[in-house]
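So the structure is just underneath, and the comments pick up after that.
Read the figures in this text as sums done on the coordinates, not as results from a lab. Just so it is clear, the structure is predicted and the values come from calculations on it, not from any experiment. Because the Cβ atoms are built from the backbone with ideal geometry, glycine has one as well, and the counts that use them run over all protein chains shown.
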Amino acid sequence: MQLTKEEKAMLDGAQGRATQKSMEILTTLGRIYDAERFIPVTSVQIAGVSYANLGEAGLAFLDEMADGDGRARVLTTLNPAGMDMENWQNLGISAEFAENQMRVLDAFARMNVITTATCTPYLIGNTPHFGERIAWAESSAVCYANSVLGARSNREGGPSALAASLTGLTPEYGYHLDAYRQPTLKVNIEGLQGENTDFGALGKVLGEKLEAISGRRVPYLWGIEAASVENLKSFCASVATYGGVTLFHMQGITPEAGQMLPPDEQITITAAEIHLARESMIDATSDEIDFVSLGCPHLSIKEIARIAELLAEKTVTKEFWITTARPTKEIADRMGYTAVIEAAGAKFAADTCCVVAPIKGRFNALATDSAKACYYAYSKNKFKTALVPFDEVVQIALQD
Ligand code: F3S
C-alpha cells in the first residue's frame, strides 16, 4: 500500500497516539484487502455504542483513543446506544447500566463525535451525496447510503469506523471501486405490496437466497414500481441482516441502476415466497404479545405523525416503544405528536432500540413491522415475534 509522506508521519506517531493507532488499524485493513492507497472520507457512522455490546474492554479502547488526543476530523455520528439518554428510567433501564452507558458516550464526546445515537443518520443531517466517500458501520445504514444515496462505503466495524473518523481516511477497496459496484444477479420481483413488512419479507427471501451464493452479492432488483424512504430503510435493514447485502440496485429507483445493465444471470421472487417469509416471522399468538415496538430502523417523522394519528385519545395496553433519533423526537415534540403518543401511554425510546437495549428476559413476545427486529428479538432476546403491518402494530398495542 502506497502511503503519502503525511500518512507515513501519522503512522509513525507524529500526530499523537490515537492517530497512530488508527493508522495501524487502517493500514492492516488495507493490506488484507489489497488496497493501493488511502482516500479521504467526509462522513463516518460508528456502530457498537451500547455498553451491553462494548463492555469494559470496549470502553477501555475508547478511553485510550480519547486520552491519546483522538479527535473526529470529519462529520461523525453514532449508532443507537443501550438506552434513551433522557428517558432511561421510564424504560426500566438500571442505574448501573445507565452510568456505564454515559461513560461510553462521554468518551465519544471527548473525541468530538456527535453523540446523537441513531441508525438512520441520513434522516438527521449525516446525509452523504451521490459518489461521496464515507466510512460507515451499521449494516442497514451502509446499505441505504450505498444503494439509495449512491454514496460509497464498505461495511465498517466499530474500530475501523472510529479510525476513519480520527484520520479522515479509509483504504480504497471494495465498494469504493467501480468494478465492485457492478450488479452480480438480476432479481425479478413479482407482486410486491407497499407495506414495510412486504419489503422486510422481500429482504429476508432475497438475503437467504444470496447466502447460498459465494462471492460478491450485488443484486439488481427488477419490477418494483415504487418504494418510499420508509420501505427502503426496512428493506435495507432486512437484506443486510439476512443476506449481508451492502449494495443493491433497484430499477427506476436507486441512482446507479440506470447506469448499469442488469446481469444475464437471474432469479425470480414470487408474491407467494414473500408471503411465506412474512408468515415465518409470526410465531406469537395475540395473547402472548406483551411488547410492541416501531422504529427498526429508527422512525422518520412521517411515521411518528401516523402513530400519533392512530393513538389520539386512546390508551395502549402493552409496553409500546417508539424508537427514533433524538432530533426526530424533537420535531415530534414541537408538532405535538409526543404529547398525543405519551398521553396514550406509549413511550419514546430515543437514542436506542428494542435490539440494543438490555431487555433480555423482560418480555415474551414482540409485535413489530421490522423483519430485522424479528431476527434479533428471537436470536438475541429469545422473544417470540409477530411481524405485522405498521398500522396493525399500533392496533395490537391497543388491544385488551
Ligand atoms: Fe436500528 Fe436497532 Fe434496528 S440499530 S436497524 S433499530 S436493530
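Overview of results
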{"quantity": "Of 125, 215, 243, the one that fluctuates the most in a GNM where the chain has Cα springs shorter than 10 Å", "calculated": "215"}
{"quantity": "Top of 91, 162, 62 by mean-square fluctuation, Gaussian network on the chain, Cα under 10 Å", "calculated": "91"}
{"quantity": "Residue 343 paired with residue 109, simple spin-label distance in nm, labels 7 Å along Cα-to-beta-carbon", "calculated": "3.3"}
{"quantity": "Loop sites in segment 232-283: GluC sites (Glu not before Pro), DSSP, at most 13 other Cβ within 10 Å", "calculated": "265"}
{"quantity": "Dipole magnitude of the chain, debye to nearest 20 (Cβ charges: Lys/Arg +1, Asp/Glu -1, about Cα centre)", "calculated": "760"}
{"quantity": "Segment 291-398, relative contact order [Cα under 8 Å, separation at least 6], %", "calculated": "34"}
{"quantity": "Relative contact order computed over segment 182-280 (Cα-Cα under 8 Å; 6+ residues apart), in percent", "calculated": "46"}
{"quantity": "Violating pairs (Cα-Cα greater than 18 angstrom) within the set 209/380; 209/372; 347/380; 204/318; 204/347; 318/347", "calculated": "209/380; 347/380; 204/318; 204/347"}
{"quantity": "Part-to-part distance (alpha-carbon centres) for segment 319-379 and segment 28-84, which is given in Å", "calculated": "25"}
{"quantity": "Those chymotrypsin sites (Phe, Trp or Tyr not before Pro) in segment 106-157 that DSSP places in a loop and that have at most 14 other beta carbons within 10 Å", "calculated": "130"}
{"quantity": "Share of Cα-Cα pairs in segment 291-398 lying beyond 22 Å, as whole percent", "calculated": "23"}
{"quantity": "Low-density loop cleavage sites - GluC sites (Glu not before Pro) in segment 198-233, where at most 14 other Cβ are within 10 Å (DSSP)", "calculated": "225"}
{"quantity": "Cα→Cβ-extended label distance, 7 Å offset, between residue 216 and residue 132, nm", "calculated": "2.4"}
{"quantity": "Unpartnered cysteines - no second Cys beta carbon under 4.7 Å - across the chain", "calculated": "119, 296, 353, 354, 374"}
{"quantity": "Residue-averaged [θ]222 nm for the chain, counting only DSSP H segments that reach four residues, each worth -39500 (n - 2.57)", "calculated": "-12000 deg cm²/dmol"}
{"quantity": "Prolate/oblate/rounded call for the chain, Cα gyration tensor, a/c under 1.5 rounded", "calculated": "oblate"}
{"quantity": "Computed lengthening from residue 400 to residue 280, 0.36 nm per intervening residue step minus Cα-Cα distance", "calculated": "40.7 nm"}
